[in-house]
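A quick write-up on the structure given underneath.
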There are 2 protein chains.
Amino acid sequence: MNENKGRYSKQRETIYQILCDNMTHPTVDEIYMKARQIIPDISLGTVYRNLNVLVEQGRIRRVDIGDKAHYDAKITKHYHFVCKDCGDISDMYIDDEMLKDFISNVEEKTGNKLESVDIIFNGVCSHCHKE
Amino acid sequence: MNENKGRYSKQRETIYQILCDNMTHPTVDEIYMKARQIIPDISLGTVYRNLNVLVEQGRIRRVDIGDKAHYDAKITKHYHFVCKDCGDISDMYIDDEMLKDFISNVEEKTGNKLESVDIIFNGVCSHCHKE
DNA sequence: GTAACTGCAAATCCTTTGCTATGGA
DNA sequence: TCCATAGCAAAGGATTTGCAGTTAC
């Protein structure tokens, strides 16, 4: 990770702050809309460029859900739940120990060296489920 | 699933056969190239349309890896391993019992109703690992 | 001063869609 | 015959890139 690379720019820090202030996992367009409320003439290209830079720097994380890219400023290890009714994406924290067995079992069986695991849980969230 | 919907078409069955004959998880382009070796004037639009139909019919499965769609004729429950060196995608079968605890634990904690889980293991495959 | 960054617009994918013709039942 | 499907080409949407001007350091 290159946390120290790159100059300061108002655009980049604004985008980063938008992600930090949001519990949702916004798409590029959603980030662009919010950014324009703060910097009205920011361009979509700049948003794309900065999201890529922030990912490279390890300051944010890209989460691919279906065919859409979402961005997340929470870079600690966690997984995601996607509600098929409302589309909301929420974070899932899972006891690491539960996954450990799992992973060593898989490594043993396949000979592959595992580095990370992405998990997406699909279903209906507690809120939508009530109706 | 609508296994019985749709007429026969040489194009659709060719695409389906390509997926059945391949252990890889080809992208649309890869499927298109192979299909053209069999039906030289098949169009890319037809490949897209038929992949969508086959998914709707439940005969194949779409697997989103990163920002790319891959297609898979193995519709039994399984997960995927992606080698970050060679890019190959291989199947991972996991004991259902291992996941059960996991899922009921997550449902209890969150109140969300889980319907399916997608897991992508990232790492280096046994083949690339040797070098 | 200079290299990184910006906005803008054009270029590049990837995928869907509208149209007319064809072919399976 | 009739309607699903085909090919083709254009449209649409997402993302990247080239360029000239601007800004951080």
Of (1) touching a Cys at 6+ places or on another chain (Cβ under 9 Å); (2) crowded, with 16+ Cβ neighbours inside 10 Å; (3) closer than 29 Å to residue B:61 by Cβ; (4) not basic (Lys, Arg), residue A:70 satisfies all except one. Which? (1)
Tell me which residues, restricted to the stretch A:68-91, are closer than 16 Å to residue A:124 by Cα and either charged (D, E, K, R) or at pLDDT below 90 (or both). A:84, A:85, A:86, A:87, A:88, A:91
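Does the stretch B:2-9 contain any residue that is within 14 Å of chain A (Cβ to nearest Cβ) and either within 14 Å of DNA strand D (Cβ to nearest atom) or without any contact (Cβ under 8 Å) to a residue 12 or more places away in the chain (or both)? Can you show your working first?
Start the filter on the stretch B:2-9 by keeping residues that are within 14 Å of chain A (Cβ to nearest Cβ), which leaves none.
Within the stretch B:2-9 (the criterion being within 14 Å of chain A (Cβ to nearest Cβ) and either within 14 Å of DNA strand D (Cβ to nearest atom) or without any contact (Cβ under 8 Å) to a residue 12 or more places away in the chain (or both)), the answer is no, since none of the residues qualifies.
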Selection from the stretch B:100-116 of residues surrounded by 11 or more Cβ atoms within 10 Å (Cβ to Cβ) and either basic (Lys, Arg) or within 13 Å of residue A:98 (Cβ to Cβ) (or both) yields B:102, B:103, B:104, B:105, B:106, B:109, B:113
Residue list for the stretch A:103-122, restricted to those being at the interface with chain B (Cβ under 7 Å from one of its Cβ atoms) and over 30 Å from residue B:111 (Cβ atoms): A:110, A:111, A:112, A:113, A:114, A:115
Looking at (1) part of a loop (DSSP other than H, G, I, E, B); (2) within 16 Å of DNA strand D (Cβ to nearest atom); (3) surrounded by 17 or more Cβ atoms within 10 Å (Cβ to Cβ), which is the one condition that is false for residue B:40? (3)
List every residue pair whose Cβ atoms sit under 8 Å apart, with the two residues 6 or more apart in sequence or on different chains, where the first one lies in the stretch B:29-52 and is more than 10 Å from residue B:15 (Cα to Cα) and the second, anywhere, is of a type in the set (Gly, Ala, Ser). B:42/B:35
Scan A:63, A:53 and give me the residue that is part of a strand (DSSP E or B) and surrounded by 13 or more Cβ atoms within 10 Å (Cβ to Cβ). A:63
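The values are calculated or read from the model by the stated rules, or taken from the named source; none is laboratory data. Values in this document were obtained by computation on a predicted structure and should not be read as measured data. Please note: Cβ atoms are built from the backbone with ideal geometry, for glycine as well, and neighbour counts cover all protein chains shown.
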